[in-house]
Amino acid sequence: MSSKAIYPGSFDPMTYGHMDIIRRSAEIFDELTVSVLNNVNKTALFSVEERVNILKEATKDMKNVKVESFQGLLIDYARSKDIHVVIRGLRAITDFEYELQIAQTNRKLSGETLDTMFLTTSLEYAYLSSSSVKEIASFGGNIEACVPDFVAKQIYDKYKVTR
Ligand code: ADP
């Protein structure tokens with residue numbers, strides 16, 4: 001049986017921190033589905049389609065990585081794809097409480113068929129978050145250590161920043 005996992009998130013936009021988790025999970029599992037959550041309650045800088053396209057471009061050389069989007073409950077989406085493992089990244093203790101609650105909820109709701117595995121961030125990306133990248137970019141700051149160049153360009157374009 002081949003091993004499969006799903007890495008869900010907002011990815012608004014994807015950063016090197018997300019890419020690090022994607023690369024490492026893709027080495028552990030036979031097939032990784034990165035899935036952009038279409039969350040109608042959150043206002044995002046990038047549309048779901050733009051976020052999917054960024055992830056597809058960044059992972060185009062990773063043959064066992066697929067990029068999709070979903071809405072609704074993660075457990076329903078995972079079940080429809082017969083996936084039983086969720087990947088999440090942990091940056092700091094502050095992520096832990098939130099992630100613990102979601103992981104336990106998903107396990108319970110799924111009838112204990114969906115488990116979450118956490119990868120701890122590589123230290124060089126521990127400080128990175130999509131929101132801080134957006135904030136820096138909106139003031140014209142340098143984000144080249146945070147996201148690939150083609151993503152930086154799209155973020156600056158959104159804020160009409162020229163660098
Ligand atoms: P969400 O809104 O679902 O938390 P994010 O796109 O912010 O979505 O994050 C998706 C996942 O990636 C989460 O598990 C988050 O902890 C993880 N993540 C975010 N930034 C980093 C980073 N710099 N290093 C490792 N993991 C990260």
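Quick rundown of the values:
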| quantity | calculated |
| --- | --- |
| Relative contact order of the chain, pairs being alpha-carbon contacts under 8 Å that are 6 or more residues apart, as % | 26 |
| Relative contact order for segment 31-71, counting Cα pairs under 8 Å that sit 6 or more residues apart, in percent | 65 |
| FRET efficiency for D76 and Q101, using Cβ-Cβ distance with R0 set to 25 Å, rounded to 0.05 | 0.85 |
| Segment Y159-N64, length gained on full extension (0.36 nm per residue, minus Cα span) | 30.8 nm |
| Percent accessible area from carbon and sulfur atoms, the chain, protein chains only, probe 1.4 Å | 52 |
| Estimated 222 nm signal from helices in the chain, with DSSP H stretches of n ≥ 4 weighted -39500 (n - 2.57), rounded to 500 | -12500 deg cm²/dmol |
| Cα centroid separation, segment 106-139 to segment 27-70 (Å) | 13 |
| Out-of-range pairs (alpha-carbon distance over 26 Å; input K60/K134; K4/K108; K63/K108) | K63/K108 |
| Rg to Rh quotient for segment 68-163, alpha carbon positions, Kirkwood Rh | 1.08 |
| The chain: angle of helix 16-28 to the longest principal axis, Cα-based, in degrees nearest 10 | 30 |
| Accessible area per residue in Å² at 1.4 Å probe, computed on the chain | 57 |
| All aspartates and glutamates inside 14 Å of K42 as judged from Cα atoms, apart from same-chain residues fewer than 8 positions distant | D12 |
| Point-to-point label distance, R24-E112, nm (Cα→Cβ direction, 7 Å offset) | 2.9 |
| Förster radius 35 Å - calculated FRET efficiency between S47 and A92 (Cβ-Cβ, nearest 0.05) | 0.75 |
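The values are calculated or read from the model by the stated rules, or taken from the named source; none is laboratory data. The structure presented is a predicted model; accordingly, all values stated were derived computationally and were not measured. In this analysis, Cβ positions are derived from the backbone assuming ideal geometry, glycine residues included, and neighbour counts consider all displayed protein chains. With ligands, DNA and RNA removed, areas are computed over all heavy atoms of the protein, side chains included. Shrake-Rupley method; radii C 1.70, N 1.55, O 1.52, S 1.80 Å.
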